[in-house]
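First the structure, in the form of structure tokens, and then the observations on it.
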Amino acid sequence: MKKQGILNSHISKVLADLGHTDMIVVADVGLPIPEGVKKIDLALTLGSPSFEETVNAIAADMEIEKVVIAEEMKTQNEEALHYIEDKFTGCAIENCPHEELKQLTRKAKAVIRTGEAKPFANIILQAGVYFG
């Protein structure tokens with residue numbers, strides 16, 4: 001049994017299988033999951049687990065070189081925007097219209113659905129390369 005890092009076996013497997021530039025998504029309760037993309041549903045109740053809690057756990061276990069968020073987050077979820085800006089100071093942060101972000105999720109290896117119930121609390125995490 002693992003004693004550190006991601007204990008969820010589905011997330012752990014996805015992270016272990018990622019290659020350079022592969023993408024995963026951490027999503028709120030409302031983001032549509034494209035057909036054919038693996039869905040890992042963590043949602044228990046509204047707000048649980050939270051977007052931040054989930055992103056923190058994944059970021060501790062994944063080499064991330066770029067993140068993508070919706071432009072709408074700037075005006076409709078400033079709390080999440082500030083969290084992302086503080087959390088990902090060492091990598092590129094890109095933004096695009098929410099409709100474009102939804103299209104990008106089709107390329108993801110997995111979408112991890114949280115219980116987050118705040119608007120535009122979605123992020124695409126692009127894998128970097130870890131050389132130790």
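The values are calculated or read from the model by the stated rules, or taken from the named source; none is laboratory data. Keep in mind that what you see is a predicted model, and the values were worked out from it rather than measured. With ideal geometry, Cβ positions are generated from the backbone for all residues, glycine too; neighbour counts draw on all protein chains shown. Ligands, DNA and RNA are excluded from the accessible area calculation, which covers all protein heavy atoms including side chains. Shrake-Rupley method; radii C 1.70, N 1.55, O 1.52, S 1.80 Å.
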Residue in segment 47-58 that is among the small types (Gly, Ala, Ser), touching a residue at least 12 places away in the same chain (Cβ under 8 Å) and either closer than 18 Å to residue 96 by Cβ or in a strand (DSSP E or B) (or both) present: yes
(1) open to solvent by 10 Å² or more (accessible area, probe 1.4 Å); (2) free of Cβ contacts under 8 Å to residues at least 60 places away in the same chain; (3) in a helix (DSSP H, G or I) all hold for residue 104 apart from (2)
Might you let me know whether segment 27-35 holds any residue that is open to solvent by less than 20 Å² (accessible area, probe 1.4 Å) and more than 18 Å from residue 126 (Cβ to Cβ)? yes
Find all pairs meeting these conditions: Cβ atoms under 6 angstrom apart; at least six residues apart or on different chains; first residue within segment 1-16 and open to solvent by 90 Å² or more (accessible area, probe 1.4 Å); second residue modelled with pLDDT of 95 or more. 10/40
All positions within segment 107-132 that are open to solvent by less than 20 Å² (accessible area, probe 1.4 Å) and on the phi > 0 side of the Ramachandran plot: none
Within segment 59-97, take every residue that is assigned to a helix (DSSP H, G or I) and under 18 Å from residue 113 (Cα atoms) and give me the one that is most open to solvent (accessible area, probe 1.4 Å). 59
